1. Just a yes or no: is a residue in the stretch 87-102 touching a residue at least 60 places away in the same chain (Cβ under 8 Å), open to solvent by less than 70 Å² (accessible area, probe 1.4 Å) and more than 19 Å from residue 10 (Cα to Cα)?
2. Could you please find all residues in the stretch 64-100 being small (Gly, Ala, Ser) and on the phi > 0 side of the Ramachandran plot?
3. Which of the residues that make up the stretch 51-79 are touching a residue at least 40 places away in the same chain (Cβ under 8 Å) and either assigned to a helix (DSSP H, G or I) or in contact with an Asp or Glu (Cβ under 8 Å, 6 or more places away or on another chain) (or both)?
4. Does at least one position in the stretch 115-132 carry a residue that is closer than 29 Å to residue 6 by Cβ, of a type in the set (Val, Ile, Thr), modelled with pLDDT of 90 or more and not in a loop (DSSP other than H, G, I, E, B)?
5. In the stretch 14-35, what residues are charged (D, E, K, R), assigned to a helix (DSSP H, G or I) and loosely packed, with under 14 Cβ neighbours inside 10 Å?
6. Going through the stretch 36-49 one residue at a time, which ones are of a type outside the set (S, T, N, Q) and either surrounded by 13 or more Cβ atoms within 10 Å (Cβ to Cβ) or not in a helix (DSSP H, G or I) (or both)?
Amino acid sequence: MDKVALTAAGLYVIVLLRAGGTFAVGWLAGAGARRSRYAGRIASGKFARVERAIQRWGAPVVAVSFLTVGFQTAANFLAGSMRMPLPRYLPALFIGGAAWALLYATVGLGALEMVKRLFAEQTALGVAAVVALLLVVCGVVVHRRRNAAPAPRDAAVEESSS
């Protein structure tokens, strides 16, 4: 089995477990919310319409969410908490998960191969690229910390220090 196929297979198992687990946690959270003090809000007609729409049309959103960064966890959790039926959810999980695994296996391995070649063929350039990347990351962190809004001081603390 070649490297890409093996990597894709491993990533596929990982994404099925992670996304399926997120769906299950969402399902349990939704069940808990339906039994909580917020059950009255969840029982509203507007919420029921949204829930039916997600149950019916959410599968394509779940499948496409695997091609995004940051939205896939929310989509799987929402599908679970809104009780998307498994016959609709599972095909979306399998198709979207396969797309995600293939994308990351090909692009990810390609990027690693490129870095490996850079260091093998032009070590000084590779080291310079890593140093430049670290400097940029450090610069961004320092810039954000300096420009962050200061935490509001408690009035009682100001009076006692005066």
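1. Yes, the conditions are met somewhere in the stretch 87-102.
2. Here is the first cut: in the stretch 64-100, the ones small (Gly, Ala, Ser) are 65, 70, 74-75, 79-81, 92, 96-99.
Once the filter is applied, which keeps residues that are small (Gly, Ala, Ser) and on the phi > 0 side of the Ramachandran plot, the stretch 64-100 yields only 70.
3. In the first step, residues of the stretch 51-79 are kept if they are touching a residue at least 40 places away in the same chain (Cβ under 8 Å); the result is 66, 72-73, 76-79.
Across the stretch 51-79, the qualifying residues are 72, 73, 76, 77, 78, 79.
4. For the stretch 115-132, residues closer than 29 Å to residue 6 by Cβ, of a type in the set (Val, Ile, Thr), modelled with pLDDT of 90 or more and not in a loop (DSSP other than H, G, I, E, B): absent.
5. 34
6. Residues satisfying the conditions are 37, 38, 42, 43.
The values are calculated or read from the model by the stated rules, or taken from the named source; none is laboratory data. Since this is a predicted model, take the numbers as computed values, not measurements. Backbone-built Cβ (ideal geometry, glycine too); neighbour counts: all protein chains shown. Just the protein is used for accessible areas: all its heavy atoms, side chains included, with ligands, DNA and RNA removed. Shrake-Rupley method; radii C 1.70, N 1.55, O 1.52, S 1.80 Å.
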